[in-house]
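Just so you know, all these numbers are worked out from the coordinates, no wet-lab data involved. Values in this document were obtained by computation on a predicted structure and should not be read as measured data. Every residue, glycine among them, receives a Cβ derived from its backbone with ideal geometry; neighbour counts consider all protein chains shown.
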């Protein structure tokens with residue numbers, strides 16, 4: 001036991017700064033890749049790949065030459081097949097690497113009063129539309145640009161206000177069925193068409209707006225806000241995950257946490273607690 005510990009310590013001492021950086025970079029890339037994959041419906045595919053590796057290991061151990069040959073040939077073709085199958089996930093991962101919001105290198109932006117005003121306007125409009133069961137889909141662009149989707153709608157460049165949002169999503173108006181895209185504190189475009197999620201495990205009561213909002217959050221780091229036309233429920237899609245039936249307070253805190261930063265939200269909560277005391 002002592003000899004094993006000495007040998008282990010000897011190996012550890014040979015590790016340099018470059019080795020540590022190498023390990024951390026690889027570990028972080030794997031973590032980001034798994035984070036993207038786990039939010040999609042690719043779990044069964046990953047399990048199948050893991051099973052193939054187990055079978056290959058057993059074939060190597062038992063020296064099953066024919067099985068090893070077939071699996072080896074299949075693995076070579078499998079790389080190309082996997083690239084095709086996981087194209088949306090790989091594209092999103094590369095977009096995150098190139099995004100200015102890549103959190104490993106980025107710094108948090110200071111919260112601004114204008115951002116709080118925009119959040120309050122969106123919350124006010126959504127709460128009002130929820131009362132009358134008026135459907136809406138609002139997307140906040142963050143690090144990954146959404147120019148392709150903005151081009152499908154009507155350019156606006158307007159200041160965000162509750163009144164304007166209520167007018168855009170008024171029933172039977174030309175822009176009612178599309179999405180509003182908010183970029184840098186302004187409504188960039190309205191009536192935008194968004195990509196639908198391909199997940200089959202969603203609840204049956206979720207309509208086209210929910211699927212489009214989830215699909216947008218799967219393909220980018222955008223935040224999608226959805227107001228259900230059937231139930232009036234307010235939902236938010238982030239990173240492919242849908243948070244449903246949000247009340248006004250939870251909705252506001254969620255947007256502030258994502259758009260302003262968790263640290264500012266914590267400070268606000270502490271100040272509120274001090275006032276209450």
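List the equivalent ellipsoid semi-axes of region 113-276 in whole Å, largest first, each obtained as the square root of 5λ for an eigenvalue λ of the Cα gyration tensor.
For region 113-276, the semi-axes come out at 24, 18, 17 Å.
Evaluate the relative contact order of region 123-220 (contact order divided by residue number), counting alpha-carbon pairs under 8 angstrom at least 6 apart; express in whole percent.
Reported relative contact order: 29 percent.
What is the calculated FRET efficiency for residue 184 to residue 65, with r their C-beta to C-beta distance and R₀ = 35 Å, to the nearest 0.05?
E between residue 184 and residue 65, to the nearest 0.05, is 0.05.
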